[in-house]
1. For the range 2-16, does any single residue satisfy the condition of being part of a helix (DSSP H, G or I), of a type outside the set (A, V, I, L, M, F, W, C), at pLDDT below 95 and surrounded by 10 or more Cβ atoms within 10 Å (Cβ to Cβ)?
2. For Glu54, which of the numbered conditions (1) within 25 Å of the chain's Cα centre (by Cα); (2) at pLDDT 85 or above; (3) not small (Gly, Ala, Ser) fails to hold?
Amino acid sequence: MSSQRRWLLAWLAWLTALQVGRAELYTALVDMEELLETEAVLIDTLHGFISAQEQRLATLRRAILLKVGY
């Protein structure tokens, strides 16, 4: 095999590896975007849950204070 042909094959192999790496990076970024969206939904849901529990606690505190007579 000639030196020029080896060089060309090495160059093509390098370009192929580079493309595979870029594709993997793109896939990883898409996966990260999905995780960030899921995290945002989870945080919003948790905030709603915490607010609901705080309202329940406030209601219970008022009920206890009314029973005790304060």
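The values are calculated or read from the model by the stated rules, or taken from the named source; none is laboratory data. Keep in mind that this is a model prediction, so the values were computed, not measured. Cβ sites come from the backbone with ideal geometry, for glycine too, and all protein chains shown count toward neighbours.
1. yes
2. (1)
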